[in-house]
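Chemist: I have a structure here, written as structure tokens, and I will follow up with some questions on it.
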Amino acid sequence: MNAHFRKRTKLRASGLGLATLTALLGACAPSFAPKTDPTSPIAPRVQALVDVNRHYPSWENFPAAPADLPEATQIASSVRMLESQGGALGGEVSRIDWTLKDAETLAAETRAQVEAVPVSPDSARTQVEIDAFAQSLRDRAKAPPPVDRRPVE
């Protein structure tokens, strides 16, 4: 969707649009600070659970950072080594002659490889055989002549 939010929702930066948006967001504000109904039979249990977990999570609950991290200099040297290897590889690739010198030899080798693979009998059918088979299926699919429903005299 390439349209802006304002365009899709028809909100304009007018006083009415901003007032409506403020009223809508203001209506949601009390739901972010809910209170437990004191007359509810489960209110003491809910309040106890809230009080116990009020400060969860704390930093003690998060795992510690790994101690065996490599030094920044080791990472930098590894990056420099990979970049130099990439540059060397790019140089080798740029020196390759990417033109096809003998197309007939390549075509003959490709034909030999294709012919070496056995072919399915279904794939070896000619177009005439396929058409004849399709016509035989059509002939078999014809409905029989209608039954004479006139009473016999």
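Chemist: Of the residues Thr105, Thr99, which single one is without any contact (Cβ under 8 Å) to a residue 24 or more places away in the chain, surrounded by 10 or more Cβ atoms within 10 Å (Cβ to Cβ) and more than 30 Å from Lys35 (Cβ to Cβ)?
Modeler: Sole residue among the options that is without any contact (Cβ under 8 Å) to a residue 24 or more places away in the chain, surrounded by 10 or more Cβ atoms within 10 Å (Cβ to Cβ) and more than 30 Å from Lys35 (Cβ to Cβ): Thr105.
Chemist: Identify, from the list Thr126, Thr110, the residue that is of a type in the set (Ser, Thr, Tyr) and surrounded by 10 or more Cβ atoms within 10 Å (Cβ to Cβ).
Modeler: So the residue among Thr126, Thr110 that is of a type in the set (Ser, Thr, Tyr) and surrounded by 10 or more Cβ atoms within 10 Å (Cβ to Cβ) is Thr110.
Chemist: Report, by residue number, each residue of the range 112-151 that is in a loop (DSSP other than H, G, I, E, B) and either in contact with a Gly (Cβ under 9 Å, 6 or more places away or on another chain) or charged (D, E, K, R) (or both).
Modeler: Asp122, Arg125, Lys142, Asp148, Arg149, Arg150
Chemist: I'd like to verify a number: residues in the range 57-96 that are in a helix (DSSP H, G or I) and modelled with pLDDT under 90, how many?
Modeler: 3
The values are calculated or read from the model by the stated rules, or taken from the named source; none is laboratory data. Since the model is a prediction, treat every value here as computed from it, not as a measurement. Here the Cβ is made from the backbone with ideal geometry for all residues, glycine too, and neighbour counts use every protein chain on show.
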